[in-house]
Structures are given as C-alpha cells and as structure tokens.
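Single-structure report; data block below.
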Amino acid sequence: MKTLVIGTGGREHALALALSLDPAVAEVHAAPGNPGIGEVATLHDVDPMDGDAVAALATSIGADLVVVGPEAPLVAGVADPVRAAGIAVFGPSRAAARLEGSKAFSKDVMARAGVPTAGSRTCTTAEEVAAALDAFGAPHVVKDDALAAGKGVVVTNDREEALAHAAGCERVVVEEFLDGPEFSLFVVCDGEVGRPLQPAQDFKRIFDGGRGPNTGGMGSYSPLPWLPDGTVGKVMAEVVAPTLAEMRRLGAPFVGCLYVGLALTATGPRVIEFNCRFGDPDVQPVLALLTSPLGALLKAA
C-alpha cells in the first residue's frame, strides 16, 4: 500500500515512521512534511490546507491511504475532496471535524449522547462570561470556541485573567473545573465502532510543576501505571460508543481518530474535550510502542 501523510510536525513524523515500519506499506509520502520525515518518506511541497491540491497529489502518486495529521486541515474539510476522488482517508469529514472545530457543538453532542463531562455555558458577551464564572466558581475554565492549536484554554483562580482571555475570543465555553489527573485516549474509528490505543498523558504548561501558560505540548509518556484497570473499557462504553452513535444520527459519521481528553475524577472518568485527530505530543510514545501494523489499522478504519 502507498500512504500519504498530511502535515509538518512531530505527530506526522511519528505517523510516517510507524507507517514505514508496516510490512504492508510499500511507500510513505508526506506533504509538506519536514526534514526528519524526509528520512522515512518522500516529501511533496503541497499546502495541507488545500483539499483539491491534496486530492490531486494523492491521485498522481497512486495513494491507497491518506492520513491527515493536524486539526486545521480536517476542520477546513481537506478530507472531503480526497474521499470524493475515491481514495481512502483516515480523518473525519468537515461535518464530523466540528467535534474539535467548535467546543459548543462538541458540548451539544456530549449532552445528547449522555457523555459524562463538565457542566458548561457557551458565552458571547462579557456579561454572560461573568455570570458563568460566578456560577461555576474557581478554578475558572475558559475555552475559545474556535481552534487555537492547543493554546485556547485558560485554567486559573484569577477571575480577571479568565475575563481577559474571554475578551480576546469571539465566543467561549466556560466550564466547571474537573479535579483529577488528566489522560488522553486515542480511538481509531470507522464511523460505527472504535478501537482504543494505549492511553497517554501529556504536559502543556511551559514551566515545571504545572506552571505558566499552555503550549502545544511540552512532553508525554505512556503507559500510565496509575490508571485503574477497566478505565479504558468504561470510556469506550460511556463516551465513545454513544458519541459515535450520535454522530451517525446527525448524518456525520466519525471516521478517523477520536481523541478523548479526560480527567479521572472522584466519580470516574469525565471528558474534558474531544479532538478530531491524534494528539501531539501524546501520541508519539503510543505509536513508538505500537506492535500491530499501523497502515493496516488505519486502512481498516
């Protein structure tokens, strides 16, 4: 099989490396890639945000599978023209990628699916934000409703900092704080069923000790020896299955990686957020430990 990875970062390098180790994968291509990816793949200078260009490239190289790495192209709908060209794509449609593209949409889906998550309010005015902060209390959790490359969330005890972050966004989701260690679960989905990979934990704050602003990711590890037995099964049953069913009901079946960000609270795992792709950096150790062939897994989805 010939594979094409879309993106430029560490996640895409991990994907290209894992694909290159799959005996069923004859060629790995990447667009635009980076110098590290170039050691295991053929690079192509194509804009990852241009769906028609990606589809044309995939067609010209005879790709059997296109793997879209980052969230921005997925939310922009890059997978759609590739799928329309008859090429298998690992990555959701524009409609399904709204699970990450809009925090408000994601919360609506969770509510209808009965997914355990934080209470929340979607706000568009300073008055609504202030009322929501008062209702939930500190620590304050304020999320930009739009994509922000992993940096759109502020968790703070400082009410003024929370208000200032909200003021810089068009629309925000204010949530109750979920107390407990966080972990990530990556679920390979075909629209109907999901298969979980090994859980991981990443670190976003820029300074040691969980201090400072969020970054795109400072590091990650897997496996998680502290995670209780049965946690993954519980998440699959209570979160992933009902979410996939709700997305099908909406006419936007989710095909790709459903990234479930969770907090292990005193009442069990609760969802912090959904993303529509593998996490970076937290999928890097997961893929490094994966013993089954990645190409076959993603093609099956």
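The values are calculated or read from the model by the stated rules, or taken from the named source; none is laboratory data. Quantities reported herein were computed from a predicted structural model and do not represent experimental measurements. Neighbour counts are summed over all protein chains in view; Cβ atoms, including those assigned to glycine, are modelled from backbone coordinates with ideal geometry. These accessible areas exclude ligands, DNA and RNA; they are computed on the full protein's heavy atoms, side chains included. Shrake-Rupley method; radii C 1.70, N 1.55, O 1.52, S 1.80 Å.
Values as computed for the structure displayed
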| read-out | value |
| --- | --- |
| Of all DSSP beta bridges in the chain, antiparallel share, percent nearest 5 | 70 |
| Mean accessible surface per residue for the stretch 1-115, computed with a 1.4 Å probe while every protein chain stays in place, in Å² | 36 |
| Separation of the residue 289 and residue 211 label points, Cα + 7 Å toward Cβ, nm | 3.0 |
| Percent of Cα-Cα distances greater than 13 Å, calculated over the stretch 181-248 | 69 |
| Eligible lysines near residue 143 by straight Cα distance, threshold 16 Å, same-chain separation 8 or greater | 103, 107, 151, 204 |
| Simple label model, 7 Å out from Cα along Cβ direction - residue 241 to residue 296, nm | 2.6 |
| Portion, in percent, of the accessible area of the stretch 1-154 that falls on carbon or sulfur, probe 1.4 Å | 54 |
| Net lengthening on full extension, residue 42/residue 158 (0.36 nm per residue, minus Cα-Cα) | 36.9 nm |
| Translational diffusion of the stretch 51-92, µm² s⁻¹ [Kirkwood Rh, Cα pairs; Stokes-Einstein; 4 °C; 1.567 mPa s] | 131 |
| Straight-distance crosslink candidates among lysines, where the alpha carbon sits under 20 Å from residue 299 and sequence neighbours closer than 8 are dropped | 2 |
| D (Stokes-Einstein, µm²/s), Kirkwood Cα radius, the stretch 202-301, 1.002 mPa s at 20 °C | 138 |
| Kirkwood Rh, angstrom, the stretch 1-81 [1 / mean 1/r, Cα pairs] | 12.1 |
| Helix-only CD estimate at 222 nm, as mean residue ellipticity for the chain, using -39500 (n - 2.57) per DSSP H run (n ≥ 4) | -8500 deg cm²/dmol |
